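Working notes for the structure below.
FYI, it's all coordinate maths here, none of it is from the lab. All figures in this text were calculated on a predicted structure; none of them were measured in a lab. Using ideal geometry, Cβ is built from the backbone for each residue, glycine included, and neighbour counts are taken over all protein chains shown.
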Amino acid sequence: MALREGVPIIPAISHGAHDTLIILADYYPALRQLHEWGMPWLFGLDPIVLPLYLRLPWGLALGPWPNIPLPVPIHTRLCAPIRFERSGRDAALDRDYVDACYEQVVRQMQLELDQLVQEQGGLH
């Protein structure tokens, strides 16, 4: 959409949200195996993850249920805009160019996240 409309992408990154939930295990591989053996997805949707986690205030939970997050600091940063050399409909329809722009955004966001983690004292 940014390519088509000729506007920059302004990445937003965060570090710390992973500490708001205590995940004990991920049962998705087992669920995926059952699906490959013929069990249909519930409501026809592949859940991508199936965590077993501690959920406040109710204890253990399996799957994507709402929870009250643990009170931990989350550091967020809005990064410098990423502008692309080409824009417009032709640029947005050029699959190779779109892929290259995607890789540029991912690379820049990862660099910014690495810097944010380093500034906050490393990984927990």
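Table: residues versus (1) surrounded by 10 or more Cβ atoms within 10 Å (Cβ to Cβ); (2) among the polar types (S, T, N, Q).
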{"position": "67", "(1), (2)": "yes, yes"}
{"position": "77", "(1), (2)": "yes, no"}
{"position": "81", "(1), (2)": "yes, no"}
{"position": "85", "(1), (2)": "no, no"}
{"position": "93", "(1), (2)": "yes, no"}
{"position": "114", "(1), (2)": "yes, no"}
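With respect to residue 81, is the statement that it is farther than 25 Å from residue 1 by Cβ, out of contact with any Leu (no Cβ under 6 Å at 6 or more places or on another chain) and not polar (S, T, N, Q) true?
no
Filter region 7-42 for residues that are among the polar types (S, T, N, Q) and under 30 Å from residue 112 (Cα atoms); which is surrounded by the fewest Cβ atoms within 10 Å (Cβ to Cβ)?
Ranking the qualifying residues of region 7-42, first place goes to 14.
Answer with yes or no whether residue 45 is loosely packed, with under 11 Cβ neighbours inside 10 Å, farther than 30 Å from residue 120 by Cβ and either of a type outside the set (S, T, N, Q) or touching a residue at least 12 places away in the same chain (Cβ under 8 Å) (or both).
Considered against the rule, which asks whether it is loosely packed, with under 11 Cβ neighbours inside 10 Å, farther than 30 Å from residue 120 by Cβ and either of a type outside the set (S, T, N, Q) or touching a residue at least 12 places away in the same chain (Cβ under 8 Å) (or both), residue 45 comes out as yes.
I'm trying to understand the selection: among the residues of region 85-100, which are under 12 Å from residue 1 (Cα atoms) and in contact (Cβ under 8 Å) with a residue 12 or more places away in the chain?
Matches in region 85-100: 87, 88, 89, 91, 92, 98.
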